[in-house]
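> Handing you this structure, nothing more for now.
The values are calculated or read from the model by the stated rules, or taken from the named source; none is laboratory data. Note that the structure is predicted; figures quoted are calculated from it, not measured. Every residue, glycine among them, receives a Cβ derived from its backbone with ideal geometry; neighbour counts consider all protein chains shown. Only protein heavy atoms, including side chains, enter the accessible area calculation; ligands, DNA and RNA are left aside. Shrake-Rupley method; radii C 1.70, N 1.55, O 1.52, S 1.80 Å.
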Amino acid sequence: AVLYFTTHNNSTSLLDSGELQDYLVDFLENEVGSDLKSLRNVGDLLDKLREENNVLEEQVLTVSSSVPPKVFAALSAAEEARCSLEDLLQRERLISNMLHQHLQGAQPWMDNLGQTLNQVDTIERHMKYLRCLQHIEELSAAVQQCLMTSSVWEAIRAVDSMAMLDAGLNQSGCSHLQNFLRETLHFWHKIIKDRLASDFEKVLTQLHWPIISPPTQSLTPTTNCQELNSQLELLVTQLLALQTSYPSPASSATPPSQAPPLCLPIQIMLQPLSKRFRYHFYGNRQTNSLGKPEWYLTQVLMWMGNSSTFMEEKIQPILERAGATISARVELCRGLLSLVQEKVASDASRLLYDDMIFCHLVEEVLQFEKELRSNQLYPAVLPGLLHLLLEDAILQKWLTVEKKMAVEKMDAMLSAEGAWSSQYKDISDMDELKAPDCAETFMTLLQVITERYRTLPCPSAQLKFLGLQRELVDDFRIRLTQVMKEESRCPLGARYCAILNAVNYICTILGDWGDNVFFLQLQQAAVSLGEEGLLGGLGIMEVGRLASLEGSLFEGLLALLDRLKGDMMGRLLEWTIREITEKARPYCQDRWLSLPSQHDQSTMTLSSSACPMMLCVRDRLLNLHQVLSLSLFQLAWQGLAERLDNFLYQDVILSNHFSDGGAAQLQFDMTRNLFPLFGHYCKRPENFFKHVKEACIILCLNVGSAILLRNLLKESEEEMRDWAGAEDPPPESALHELGVYCLAPCDVLILLNLRASWPGQ
């Protein structure tokens, strides 16, 4: 029974002896129970268990005996596969040997066949070569036949076929054939072009071409005008068709950045003008003068202007009907411009060592470019003459001469007799800036330089000129500083103020330039190109500000100029306030404590001790108003008012005690005499004398109000020390009701203690 249970319940893993005993006890309890008579059934139970055990053993033996046959079958199959593989490998070796022997036997046949095929291929290529050569001869003969019969259109078509054949041979290795074809093509192309050009020139001559002088009414259409127009259209159309067949080898192809060649009719029309140009402006002719570039530049502009009507009325309609998308007038200008470009390039290289003539050439080229774009409406996408000035040697020479001339002019303008006087001094409404003549001339010089390089097509070249301008501004600032130091012994003099006006004028103009579109574009170009000369020394934040257009390229210069302006203004005000304080000494020592009280202010007069001070203030204000620009005078009188307010408060009010009469006199002197002196320049001058105004309010309070205010301030001071009474309103509210906003409560308490009229005193 134990063996049965162990085998039968192996899946339940009852390996624990305690659990096995419990299971046996439960089994016997269920099968036998507590009835002792049932023990006789134990034999039957044992037989039953033995039968079940035998069945289980047979199942185990059956399963264990079925595994080896499967393994044997797999091994047998593997052995059969190995034998089959060996058979296949044997057959493969046999077939490979047979194939190798067959190839060796067939190799002579293959060699013979390859030689035959190569011969056939060579013969075929020779046939094609001969057929191509024959085709060229046929086309050449066709062109000749057409020309003999005056069939120009057929000749052009034959030449066009040659051009197509030439394009097809570009990728071939037949260089001799292609050379022969091109020579033939050039030959017939030249013959046809010469024939058409001869006829075209005859027609142009009858139409009064070239138009050297301005067209007049005498050039009216002739009687055979219709016939001439028909011939003109036929010849122009044929020349256009002929130009499309002209070969353009890959080695001499036009770069994408270069303009295409002129159309053939325009080339022929340019020939008489080109002959005239070279006759007059080359060689030993008197008109060929290095110092007179305006002669040939003006002549070309006149030819452009005189010919524009003819090109637009005669040639342009023919081009449009022929399907050509070009402008006849622009093409003529482009052809004439090529003559000028060649001449300017030749002359400029010869003038690098003559500053005056070189400058004259640059000026004339710039003027020519301006008229070319404005008057002749030459497209901006096509190059003019300015690119010739951008060559390294010429551009560097231009910059050097520009700087040299500017420095010489600066020396001259600063040493001129009227350098520090304004040319608009007698015209009040035009002299707000009061810029001296030297400063205005200098900024005009910079503006002229800007106008010269503004139209250059290269931003990097423009930035070089901008760098030169910044260098000149800094040089001029240094010169102004040197002159200012010489005049600093007399800051109230006219020349010192003129220097201050000059600095302010330059700051104003540079500030306007910083917002100008042209300089903003240059600023963006400097950031994108990383121009070291302009951005050198700037940090990432400063460059970022320039990129976002928050700053300007003139910020560094403006900071230096503003510093100079601030120093000069400070020195000017110090001298002015020093002179005023000297005049005010008697006023500071006046007997404020003993002055009697006057109930009627209408009978009051200005203190006699204040008269020198008031006269000095008046005279200095008038003088500054006359010699300083409006913006500088605003700074000057406000700065003077601030310093005077501080002086009167410290040296007059806080340094004395005041009776009621003294306080009233002080208030009268200030409100009726001093403040009105500044009233000419603002509506409420008392706002610039806050200390004095509020001190007068405190000193002139009636006795009752003064006592209450003093008690309030003392109580507030004690409460602040004791940190108590926070719920009471602050004393500032009481002061505000009196109109006192600037003075602190402690200052008001000091002023109250300066009053002499207290009850019981």
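> Using 7 Å Cα-to-Cβ label points, what is the residue 322/residue 479 separation (nm, one decimal)?
For residue 322 paired with residue 479, the spin-label model returns 5.9 nm.
> Please give the solvent-accessible surface of residue 495 in Å², to the nearest 10, using a probe radius of 1.4 Å with every protein chain present.
The value for residue 495 is about 110 Å².
> Got a sec? Which residues in segment 163-192 would a label at residue 126 touch, if it sits 7 Å along Cα→Cβ and we count backbone N under 14 Å?
No residue passes the distance filter.
> Let me ask something additional. For residue 683, list the lysines whose Cα falls under 17 Å from its own Cα; do not include residues on the same chain fewer than 8 positions away.
Cα-Cα hits under 17 Å: 693.
> Turning to a different aspect of this structure: How much FRET efficiency would the formula 1/(1 + (r/R0)^6) give for residue 94 and residue 172, where r is the Cβ-Cβ distance and R0 is 60 Å, rounded to 0.05?
On the way: r = 50 Å, r/R0 = 0.84.
Computed FRET efficiency for residue 94 and residue 172 comes out at 0.75.
> Also, quick follow-up: Between 639, 20, 416, whose Cα lies farthest towards the positive end of the dipole of the chain when Lys and Arg beta carbons carry +1 and Asp and Glu beta carbons carry -1, centred on the Cα centre?
416
> Straight-line reach from residue 314: which lysines have Cα under 22 Å away, leaving out those fewer than 8 places along the same chain?
193, 202
> Taking all protein chains together and a probe of 1.4 Å, list 274, 230 from the most accessible to the least accessible.
On the way: 274 30, 230 65 Å².
These residues rank, largest area first, as 230, 274.
> Tell me the accessible surface of residue 186 in square angstrom (1.4 angstrom probe, heavy atoms of protein chains only), to the nearest ten.
The value for residue 186 is about 80 Å².
> State which helices in the chain qualify, where a helix is a whole DSSP H run, it must extend 20 Å or more along its own axis by its Cα atoms, and its mean Kyte-Doolittle hydropathy must be at least 0.5. It would help to have the intermediate numbers written out before the result.
Working: long enough: 17-31 (21 Å, -0.57); 42-148 (142 Å, -0.26); 152-168 (24 Å, 0.62); 175-206 (45 Å, -0.51); 225-244 (29 Å, 0.42); 264-281 (25 Å, -0.03); 293-310 (27 Å, -0.01); 328-350 (34 Å, 0.07); 355-374 (28 Å, 0.04); 392-415 (35 Å, 0.00); 437-453 (24 Å, 0.20); 459-487 (42 Å, -0.40); 494-514 (30 Å, 0.75); 555-583 (42 Å, -0.16); 611-627 (24 Å, 0.48); 630-647 (25 Å, 0.23); 703-722 (28 Å, -0.42).
Going by DSSP H runs, the hits are 152-168, 494-514.
> If you stretched the chain out fully between residue 518 and residue 111, how much longer would it get, using 0.36 nm times the residue separation minus the C-alpha to C-alpha distance?
Details: separation 407, 0.36 × 407 = 146.52 nm, distance 7.85 nm.
Between residue 518 and residue 111, full extension yields 138.7 nm more.
> Calculate, in nm to one decimal, what residue 684 and residue 528 gain on full extension: separation in residues at 0.36 nm each, minus their alpha carbon distance. List each step's numbers first, then the result.
Details: separation 156, 0.36 × 156 = 56.16 nm, distance 5.07 nm.
Gain on stretching residue 684 to residue 528: 51.1 nm.
> Let me ask something else about it. Compute the signed sum of charges (Lys and Arg +1, Asp and Glu -1) over the other residues within less than 12 Å, Cβ to Cβ, of residue 707. Each step should come with its number before you reach the end.
Details: positive: 710, 714, 755; negative: none.
Net charge in that neighbourhood comes out at +3.
> Label points 7 Å out from Cα along the Cβ direction at residue 562 and residue 84: separation in nm?
9.7
> As an exercise, use a Förster radius of 25 Å and the Cβ-Cβ distance of residue 201 and residue 179 to find the FRET efficiency, rounded to the nearest 0.05.
Once the sixth-power term is evaluated, E becomes 0.20.
> Nearest 20 debye, what's the magnitude of the dipole of the chain about its Cα centre given +1 on Lys and Arg Cβ and -1 on Asp and Glu Cβ? Could you put the intermediate results ahead of the total?
On the way: 65 positive and 95 negative charges, 953 e Å.
With Lys and Arg at +1 and Asp and Glu at -1, about 4580 debye.
> Moving on. Go ahead and run the numbers for FRET between residue 22 and residue 46, Cβ-Cβ distance against an R0 of 30 Å, rounding to 0.05.
Working: r = 21 Å, r/R0 = 0.71.
FRET efficiency, residue 22 to residue 46: 0.90.
> Continuing with the same structure: Do the alpha carbons of any pairs in 397/464; 292/370; 464/485; 485/565 sit beyond 23 Å of each other, and which pairs?
Numbers: 397/464 12 Å; 292/370 18 Å; 464/485 32 Å; 485/565 13 Å.
Over 23 Å Cα-Cα: 464/485.
> At 222 nm, what value in deg cm²/dmol follows for the chain if DSSP H runs of at least 4 each add -39500 (n - 2.57) and the sum is divided by all its residues, to the nearest 500? Could the numbers behind the result be given before it?
Details: 28 runs with 529 residues, N = 761.
-23500 deg cm²/dmol, from helical runs alone.
> Once the whole set of protein chains is in place, how much accessible area is left on residue 133, using a 1.4 Å probe, in Å² to the nearest 10?
50
> What nm value, rounded to one decimal, do you get for the distance between residue 619 and residue 717 when each label is placed 7 Å out toward the C-beta?
Calculated label separation equals 4.3 nm.
> What percentage of the solvent-accessible surface of the chain, computed with a 1.4 Å probe over protein heavy atoms, is contributed by carbon and sulfur atoms? All intermediate terms of the calculation are to be shown ahead of the outcome.
On the way: 23920 of 43280 Å².
Whole-percent figure for carbon plus sulfur exposure: 55.
> Rounded to the nearest 20 debye, what is the charge dipole size of segment 609-668 about its Cα centre when +1 sits on each Lys and Arg Cβ and -1 on each Asp and Glu Cβ?
Details: 3 positive and 5 negative charges, 40 e Å.
It works out to roughly 200 debye.
> Now for a different question. I'd like to check one number: the per residue accessible area of the chain, probe 1.4 Å, reported in Å² as a whole number.
Values: 43280 Å² over 761 residues.
Dividing the accessible area of the chain by its residue count gives 57 Å².
> Now a separate question. So for segment 80-206, taking the charge dipole from beta-carbon charges (+1 Lys/Arg, -1 Asp/Glu), which of 134, 112, 196 sits furthest toward the positive end?
Of 134, 112, 196, it is 196.
> To continue, here is another question. In terms of Cα to Cα distance under 20 Å, which aspartates and glutamates are near enough to residue 190, apart from those fewer than 8 places away along the same chain?
Filter leaves 137, 138, 154, 160, 166, 199, 201.
> Whole Å is fine, so just give me how far the alpha carbon centre of segment 364-413 lies from that of segment 730-757.
Using only Cα atoms, the two centres lie 70 Å from each other.
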